[in-house]
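The values are calculated or read from the model by the stated rules, or taken from the named source; none is laboratory data. If you're wondering where the values come from, they're calculated on a predicted model, not measured in any experiment. Every residue, glycine among them, receives a Cβ derived from its backbone with ideal geometry; neighbour counts consider all protein chains shown. Just the protein is used for accessible areas: all its heavy atoms, side chains included, with ligands, DNA and RNA removed. Shrake-Rupley method; radii C 1.70, N 1.55, O 1.52, S 1.80 Å.
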Amino acid sequence: MSGRWIEQWEPEDETFWREKGERIAKRNLLFSVFSEHIGFSIWSLWSVMVLFMGPQYGIDPAGKFSLIAVATLVGALIRVPYTFAVARFGGRNWTIFSALLLLLPTGAAYAVMEPGTSYTTFLLVAALTGVGGGNFASSMTNINAFFPLHKKGWALGLNAGGGNIGVPVVQLIGLLVIGTAGAAQPRVVLGIYIPLIVIAAVCAALYMDNLAPVKNDTGAVKEAVKDAHTWIMAFLYIGTFGSFIGYSFAFGLVLQTQFGRTPLQAASLTFIGPLLGSLIRPLGGSLADRHGGARITVGTFVAMAAATGVVIYASVIESLTVFLVGFISLFILSGLGNGSTFKMIPAIFQAKAYASGLAGEEAEAYGRRLSGAAIGLIGAIGAIGGLAINLAFRQSFQTAGTGTAAFVAFLLFYGACLTVTWAVYLRRPVEIPAKRQLSYSEV
């Protein structure tokens, strides 16, 4: 094994955490956020590139939705192997490799981004950007191992939120390029990111660590796959993160297609929602730490359903102002829900451990094993929700010329998520006298 390896890691030991662990964990968190941030920017690259693709490219709105959909799909699927890569190669080592791998889709896009390139080529290059989506899974799995349970909501929320901000940042850069160099200069955006990718890899090499105690546990993976809570949380994460990433990729294209905005006008609005949704994600985790993830998640889905109703109304009356209020609210709420749902995952499995009679370190070890195994799968399935959103928009615009039908489908889905969260985690809470704060009603 090469690189910097830490042989002993005991974050639940208060003395170890205070004297040594916290400092190391926060340093790794900082540079994990930076690398994941660049990964999200590259994954969402085509939400910006499509704004540069005017009539001379010969691609209709349905074709553009397909470009961002294929990037979403690959990013979702690749999260599963990325999850296990951390234990196999080490969090630091994998962060270096996965950061450098981002040069492939960025360089390929730089080479082909011009009128006359075949649509098949664009599809293949868009698919390559999916490697940026995989960075989330490996980063979250890595950071999950560094922090104690009572800090996981904050740490995972900050890690994911800082990564999510990569979406609005690349969109802001796209806006600046369109506003200064013009809509015919997409390569300027790509040229900005190539050195940033290299810097992320170098920082990971210099300042991050590998945890030797973190190992791939095939038994835990099998147990997590068989556990109903893994699939329930994956379903809920479709509603939160699937909404965030799907809306992030599609927002600018919806504004162009449904409201006739120019590339500059669309770009000037596109970044707002993802930015606010990213910034609020750590708050969702922090609120879940204090009040229980299930309670915050239920409230989030209620509000998301209401915001979707506003968007549907705006689509019917063709009001851009009302549409923006509702749509940006969806971003904020999905970000809040992202933080609360991810906090629920480790708490659910630890609550199960106490409910089954385990106690102390044995219960904590059980919770870490299963939550670590489940996080990658849940993250992958949640990202597939972004694919579903883009495909729903594609079908809705292709058949009706507006996104109204897609939003009606989203409203029904949020209702289902609300019902499932309430029925499983709030309706009949599981009482755990020894660890009352970890009952399912409070995970």
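Residue 205 sits among other residues whose Cβ lies under 15 Å from its own Cβ, and their net charge, with Lys and Arg +1 and Asp and Glu -1, is +2.
Neighbours of residue 108, meaning other residues whose beta-carbon lies under 15 angstrom from its beta-carbon, give a summed charge of 0 when Lys and Arg score +1 and Asp and Glu score -1. Computed over the stretch 302-411, the percent of Cα pairs more than 22 Å apart is 49. One Cα centroid belongs to the stretch 227-270, the other to the stretch 122-162; the line between them spans 18 Å. Peptide packing for 79-90, 256-267 was compared via the average number of neighbouring C-beta atoms within 10 Å per residue; ordered from the highest value, the list is 79-90, 256-267.
Relative contact order, whole percent, for the chain stands at 24, derived from Cα pairs under 8 Å and 6 or more residues apart. The heavy atoms of residue 13 present about 60 square angstrom of accessible area, all protein chains included, probe 1.4 Å.
With all protein chains kept in place, the per residue accessible area of the chain amounts to 36 square angstrom at a probe of 1.4 angstrom. When each of the peptides 17-26, 113-122 is scored by the mean number of other C-beta atoms lying within 10 Å of its residues, the order from highest to lowest reads 17-26, 113-122. 3J(HN,Hα) couplings calculated from phi for the stretch 64-74 with the Karplus curve 6.51 cos²θ - 1.76 cosθ + 1.60 (θ = phi - 60°) are, in sequence order, 5, 4, 5, 4, 6, 5, 5, 5, 4, 4, 5 Hz; Gly and Pro show x. Neighbours of residue 31, meaning other residues whose beta-carbon lies under 11 angstrom from its beta-carbon, give a summed charge of +1 when Lys and Arg score +1 and Asp and Glu score -1. Its relative contact order, with pairs defined as Cα atoms under 8 Å and 6+ residues apart, puts the stretch 51-193 at 33 percent.
Could you check how much of the accessible area of the chain is carbon and sulfur, as a whole percent, using a 1.4 Å probe? For the chain, the apolar C and S fraction of the accessible surface comes to 65 percent. Would you mind calculating the relative contact order of the stretch 245-335 from Cα pairs under 8 angstrom and at least 6 residues apart, reporting the percent as a whole number? Result for the stretch 245-335 is 34 percent. For the stretch 215-245, trypsin sites (Lys or Arg not before Pro) meeting the loop criterion (DSSP other than H, G, I, E, B) and having at most 15 other Cβ atoms within 10 Å: 215. To the nearest Å, what is the center-to-center distance of the stretch 19-41 and the stretch 99-119, using C-alpha atoms only? The distance from the Cα centre of the stretch 19-41 to that of the stretch 99-119 comes to 28 Å. Once backbone amide H atoms are built at 1.01 Å from N, residue 210 has 4, 5, 6, 92 as its partners under 5 Å, excluding neighbours fewer than 5 places away on the same chain.
One quarter of the convex hull surface built on the alpha carbon atoms of the stretch 233-308 amounts to 5.5 nm², the projected area averaged over directions.
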